[in-house]
2 protein chains.
Amino acid sequence: MESEEFGSSVRLFASMVKSDQTNKIYNPKHPPHVERPKAKLTEQAEEVDVSAGNYGALPLIQSVDYTHKRYYSLSELSLSVAEPVWIRARVHNTRFKGKLGFIILRDTVHTFQCTLFLSDQVSRNLLKFASDITKESIIDVYGTLKATSQPVQSCSINNMELETTKVFVVSKSQASLPFQLDDAGQPMTLEQAENERDEDQAEEGGRARVSQKLRLNNRVIDLRLPTNQAIYRVSSGVCQYFREFLIQNGFVEIHTPKLIPGTSEGGTEVFKVDYFGRQACLAQSPQLYKQMAVMGDLERVFEIGPVFRAENSNTHRHLCEFVGLDLEMAIKEHYFEVLEMIHGMFIHIFKGIETHFATELQTIYKQFPFIQPFQYTEKPVWLTFHEAVALLNEAGNPQSVHADFNTATEKQLGAIVKERYHTDFYVVHRYPQEARPFYTMLCADDPEFTNSYDIFMRGEEIISGAQRIHDPAMLRQRAIFKGIDVSTIKDYLDSFKFGAHPHGGCGVGLERVVMLFVGLKNIRWTSMFPRDPKRISP
Amino acid sequence: MESEEFGSSVRLFASMVKSDQTNKIYNPKHPPHVERPKAKLTEQAEEVDVSAGNYGALPLIQSVDYTHKRYYSLSELSLSVAEPVWIRARVHNTRFKGKLGFIILRDTVHTFQCTLFLSDQVSRNLLKFASDITKESIIDVYGTLKATSQPVQSCSINNMELETTKVFVVSKSQASLPFQLDDAGQPMTLEQAENERDEDQAEEGGRARVSQKLRLNNRVIDLRLPTNQAIYRVSSGVCQYFREFLIQNGFVEIHTPKLIPGTSEGGTEVFKVDYFGRQACLAQSPQLYKQMAVMGDLERVFEIGPVFRAENSNTHRHLCEFVGLDLEMAIKEHYFEVLEMIHGMFIHIFKGIETHFATELQTIYKQFPFIQPFQYTEKPVWLTFHEAVALLNEAGNPQSVHADFNTATEKQLGAIVKERYHTDFYVVHRYPQEARPFYTMLCADDPEFTNSYDIFMRGEEIISGAQRIHDPAMLRQRAIFKGIDVSTIKDYLDSFKFGAHPHGGCGVGLERVVMLFVGLKNIRWTSMFPRDPKRISP
């Protein structure tokens, strides 16, 4: 792309620090001796280049100058800005023909058009340089904002454009991309989205233009998709509102160890680690440690951190590493105190996202036009397990009160609740003891059932929680009853012997919450670098 | 402790659900048949017990009643509350003699006195019951707040007390404790605190009353120490202000994988994990992934999460698992943009803690009266590596500009800077390339030095950071030069080929920041469940 038009000193420096594609080791002990070029860009090819010094490849940005020059991000652009502006953004696309050219810039979820036309301010050389810029390169442009007479079809910012007089390349992309972002960003049908549930989706019919596997293998480029820009901003917002509500309610943030001596939940598979010659495990949840923090009088605690599950599950909703949003709190009387806290917290999250991430939600819906926005009620919808079973049975779905729901039953229940209560967000509580871990408090009136709850979004479980057993003798007995080797959890069991707060809590999967709030079909859309039994890279 | 005075039905129920210390499995399929007792507590031992029904062991709190009864926490108590109040808190101590008794309650960093005296509202039976309550038990008390004529010596809330007429035990502690909190909470001398640097401290001279090992082995009780209550609240606050500042400045929270295929930093030891038959590692930092997120156009990102170091270092400042506060951001021109962001962020954190955690800081200083509060200046103090070396040399400390500081030199520099600039918080930048990882951008004017920085608190490093290399060819060359197997970081290297943002960032160790801001001597005081080569439990 670098042709003879551009300042030779710029090219000399750039080739010194950048373009050496050989394997020669860049050894700072023997740097080539070159003068650093001045900012002035000269131009020789035309008789008089009116754009001389107004285009070219910038030297590698290496913290030489610090001018505090103001750059506008695309979201800051406004027609009320009269003076010319500098913008640094990524090249989404270019289109040049004769005396006219367009560069579409992209920045997060926004796209925006720069126009260049041959004039007394824009030379043929500048047009040639700009037309050679590869997609995905990062560039600086300078010009004046102008209203457009009709909306710019291909851009999200469509009421204005930049009449551009300067173009510099900050970082050039290689020309060949693993896939085109425009292809990956095509609106999907419901069928295509459903097929995204399987990474190894079949080639034929109802397939997205760019396979999920190809996208995930090139995740850095995939993340640039406006849909992904939106998803990870929403994900950040969910964490923010989760914490905001809890801190307002007196919770303390804790960080529990991920390297632990035993298993944290018993039963399911754990990842094993060699810890200085001893065997350790990766925590499957902060469960035991957050309870210990409550017994240590932190009373109301939360944690956001990774949890690890070595389950060989290849489904649309399982990951081997995901982000757990955990909370645990002392209660005075009843696990309803925890459920009320969780309800208030989720309403805070939902409203926060709807209010402050509306552009992001719209960006996602643009690619998935079939998505129904998430529906919820301020008044909680809490069903006992018995009531949920009755609803299922009434609708012709056989379900016992002594067995947990399976995924299909949960989906059916979700449809029934949605029709009856007009909500995608609801609670089922008092699960049978068979379905819950050893540390779950039994119901006083019927120890076949427990003071536990699951919370659902769009018919899929996102939260499990319960009042926990705080009596050490009862806890030990329940652990033995459930087949746990109590010697591996001695420290945990002991922590209830010195005065124990009645308490309860829950664990939430961040990726599931985002997937289901937004309405996506595969959890790999909401995990930045997903880990499943088949995937550990990038 | 349970004597014949107390209601028999209460005892019957309590023994059923609680006190069964045998190994009999508590099987909910065959629960013993008992009636749940009514709340009424009867009393037979005296002719007429004026306190009948006003004391006793409560049934196990099992979510039976939900009365929404208001409980006051100790921090909410005020003499303007005229009506009687309920308080639930932990028994810190009791003292009974004849017709008079005191119960000292504890709740987070606060202690508070309840008085009981024989009267027409308080019976001898109630006094007897209360005097038998073990330390660390959780109890409900009811009474009226009264001003005290003189300050209560032994309590942090010393201008009032509770004239108590009802006492119920919520959860009884076993009588023997691994150590006494009053002993562990004794004010320390500087010598004692310095000796805390070593977990296996010698028995003789200058030793804390309760050894660090004993405290850490019984961490749940140790956490109840007001000093620890304060430390983990301050720690939570540091995270809160870290995020608050970054979110205000357009950063997005990310979560990068901890299970990764290669090592993240090269060189230092990593923990190995079996990942479905393949070998994986635990990430030593989110370094490569947060840079990839920036290349994925998230542009400004932060993460709070665990980082893992399999270093066999047994020092006062190393942990095998700690909490990393990481940020990474695109820059326009200069790494000073990152340093300015970091400076603003730390001023925000320091002020936030000083303002909103003043009680916590005072609580900590009470145990460590020798601590000088942290000193900092709003105006940044940034020294180049050359300037720092010159200061050291002037003061008679030999130090080359081509080798990294060691811990002792850093301490010396800290003392010099403190004297000259009156700050415990400062930056050294432009480190020699020998001292920095492969991905650090070299200085344009002298590639023996780098666009990097360390940040210090009280003469100890808390942050390492730099502008990173965003040119793929240069990055590859530097990786080879530093002896990295580039095949293990292919995805990372490739992510710079498709247009790369100039960028920089840093990683902060949370436990170190809290330790050094507060002025503690051992990082094990600021890690809730510390992990070092010798310790992986509790």
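The values are calculated or read from the model by the stated rules, or taken from the named source; none is laboratory data. Since the model is a prediction, treat every value here as computed from it, not as a measurement. All Cβ positions, even for glycine, are placed from backbone atoms using ideal geometry, and neighbour counts span all protein chains on display. The accessibility values were calculated without ligands, DNA or RNA, using every heavy atom of the protein model including side chains. Shrake-Rupley method; radii C 1.70, N 1.55, O 1.52, S 1.80 Å.
In this structure, is B:His386 open to solvent by 10 Å² or more (accessible area, probe 1.4 Å), assigned to a loop (DSSP other than H, G, I, E, B) and touching a residue at least 24 places away in the same chain (Cβ under 8 Å)? Taking the combined requirement at face value, the residue does not satisfy it. Apart from one condition, A:Gln212 fits all of (1) within 11 Å of chain B (Cβ to nearest Cβ); (2) modelled with pLDDT under 95; the exception is (1).
Among the residues of the range A:76-103, those that are more than 14 Å from chain B (Cβ to nearest Cβ) and assigned to a strand (DSSP E or B) comprise A:Arg95, A:Phe96, A:Lys97, A:Leu100, A:Gly101, A:Phe102. The set of residues in the range A:501-514 being within 21 Å of B:Ser171 (Cα to Cα) and either without any contact (Cβ under 8 Å) to a residue 24 or more places away in the chain or more than 10 Å from every other protein chain (Cβ to nearest Cβ) (or both) consists of A:Gly505 alone.
Yes/no matrix, rows are residues, columns are (1) touching an Asp or Glu at 6+ places or on another chain (Cβ under 9 Å); (2) of a type in the set (Lys, Arg):
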{"position": "A:Phe276", "(1), (2)": "no, no"}
{"position": "A:Ser313", "(1), (2)": "yes, no"}
{"position": "A:Met329", "(1), (2)": "yes, no"}
{"position": "A:Phe357", "(1), (2)": "no, no"}
{"position": "A:Glu360", "(1), (2)": "no, no"}
{"position": "A:Lys366", "(1), (2)": "no, yes"}
{"position": "A:Gln375", "(1), (2)": "yes, no"}
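I'd like the full set of residues that are in contact with a helix residue (DSSP H, G or I) (Cβ under 8 Å, 6 or more places away or on another chain) and surrounded by fewer than 16 Cβ atoms within 10 Å (Cβ to Cβ), limited to the range B:407-422.
Step one: filter the range B:407-422 for residues in contact with a helix residue (DSSP H, G or I) (Cβ under 8 Å, 6 or more places away or on another chain), giving B:409, B:412-413, B:416-417, B:420.
Matches in the range B:407-422: B:Arg420 only.
Could you list, in sequence order, all residues of the range B:157-176 that are in contact with a Lys or Arg (Cβ under 7 Å, 6 or more places away or on another chain) and either part of a loop (DSSP other than H, G, I, E, B) or open to solvent by 40 Å² or more (accessible area, probe 1.4 Å) (or both)? So that I can check it myself, show each step before the final result.
Here is the first cut: in the range B:157-176, the residues in contact with a Lys or Arg (Cβ under 7 Å, 6 or more places away or on another chain) are B:160-161, B:163, B:170, B:173-174.
Within the range B:157-176, B:Glu163, B:Gln174 meet the criteria.
Exactly one residue out of B:Phe529, B:Phe517 is more than 30 Å from A:Asn218 (Cβ to Cβ), surrounded by 22 or more Cβ atoms within 10 Å (Cβ to Cβ) and either at the interface with chain A (Cβ under 8 Å from one of its Cβ atoms) or at pLDDT below 95 (or both): that is B:Phe529. Against the numbered list (1) open to solvent by less than 30 Å² (accessible area, probe 1.4 Å); (2) out of contact with any strand residue (DSSP E or B) (no Cβ under 7 Å at 6 or more places or on another chain), A:His503 comes up short only at (2).
Only one residue in B:Ser119, B:Ser154 is of a type in the set (Ser, Thr, Tyr), farther than 25 Å from B:Val48 by Cα and not in a strand (DSSP E or B), so which one is that? Don't jump to the end; show me each part of the working.
Working: B:Ser119 fails: farther than 25 Å from B:Val48 by Cα.
It is B:Ser154.
If I filter the range B:131-140 for residues that are polar (S, T, N, Q) and outside the structural domain of B:Tyr72 (by TED's automatic domain parsing), do I get at least one hit? The answer is no, given that none of the residues of the range B:131-140 is polar (S, T, N, Q) and outside the structural domain of B:Tyr72 (by TED's automatic domain parsing). Scanning the range B:285-319 for residues that are polar (S, T, N, Q) and buried (at least 24 other Cβ atoms within 10 Å of the Cβ) yields one hit, B:Gln291. Of the residues making up the range B:476-500, just one is within 11 Å of B:Gly262 (Cβ to Cβ), facing chain A (nearest Cβ under 8 Å) and either open to solvent by 40 Å² or more (accessible area, probe 1.4 Å) or hydrophobic (A, V, I, L, M, F, W, C) (or both), namely B:Asp491.
Of the residues A:Thr134, A:Thr111, A:Thr94, the single one that is within 30 Å of the chain's Cα centre (by Cα), within 25 Å of A:Arg224 (Cα to Cα) and open to solvent by 20 Å² or more (accessible area, probe 1.4 Å) is A:Thr94.
Yes or no: A:Phe346 more than 7 Å from chain B (Cβ to nearest Cβ), part of a strand (DSSP E or B), under 28 Å from A:Ser236 (Cα atoms) and aromatic (Phe, Trp, Tyr)? No.
Rundown of residues vs (1) at pLDDT 95 or above; (2) among the charged types (D, E, K, R); (3) under 25 Å from the mean Cα position of the chain (by Cα), yes/no style:
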residue	(1), (2), (3)
B:Leu413	yes, no, no
B:Lys418	yes, yes, no
B:His422	yes, no, no
B:His429	yes, no, no
B:Gln433	yes, no, no
B:Thr440	yes, no, no
B:Ala444	yes, no, no
B:Ser452	yes, no, no
B:Met457	yes, no, yes
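B:Asp404 falls short on exactly one of the conditions (1) crowded, with 17+ Cβ neighbours inside 10 Å; (2) under 30 Å from B:Ala500 (Cα atoms), and that condition is (1). Checked across the range B:139-151, the condition of being in contact (Cβ under 8 Å) with a residue 60 or more places away in the chain and outside any strand (DSSP E or B) holds for no residue.
Number of residues in the range A:392-444 that are out of contact with any strand residue (DSSP E or B) (no Cβ under 7 Å at 6 or more places or on another chain) and in a helix (DSSP H, G or I): the value is 17. Looking at the structure I just gave you, is A:Tyr453 open to solvent by 30 Å² or more (accessible area, probe 1.4 Å), of a type in the set (Ser, Thr, Tyr) and in contact with a strand residue (DSSP E or B) (Cβ under 7 Å, 6 or more places away or on another chain)? Judged against the criteria, A:Tyr453 is not a match. Before we move on, is B:Val338 more than 8 Å from chain A (Cβ to nearest Cβ), in a helix (DSSP H, G or I) and either of a type in the set (S, T, N, Q) or open to solvent by less than 10 Å² (accessible area, probe 1.4 Å) (or both)? Here the answer is yes, as B:Val338 does meet what is asked.
Among the residues making up the range A:119-136, those that are more than 14 Å from chain B (Cβ to nearest Cβ), in contact with a strand residue (DSSP E or B) (Cβ under 7 Å, 6 or more places away or on another chain) and under 25 Å from A:Leu181 (Cβ atoms) are A:Leu127, A:Phe129, A:Ala130, A:Ser131.
Yes/no matrix, rows are residues, columns are (1) over 30 Å from B:Tyr365 (Cβ atoms); (2) at pLDDT 95 or above; (3) assigned by TED's automatic domain parsing to the domain that holds B:Gln153:
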{"residue": "B:Lys38", "(1), (2), (3)": "yes, no, yes"}
{"residue": "B:Val50", "(1), (2), (3)": "yes, yes, yes"}
{"residue": "B:Arg70", "(1), (2), (3)": "yes, yes, yes"}
{"residue": "B:Leu77", "(1), (2), (3)": "no, yes, yes"}
{"residue": "B:Ile104", "(1), (2), (3)": "no, yes, yes"}
{"residue": "B:Asp107", "(1), (2), (3)": "no, yes, yes"}
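Among the residues of the range B:137-153, just one is within 14 Å of another protein chain (Cβ to nearest Cβ) and open to solvent by 10 Å² or more (accessible area, probe 1.4 Å), namely B:Tyr142.
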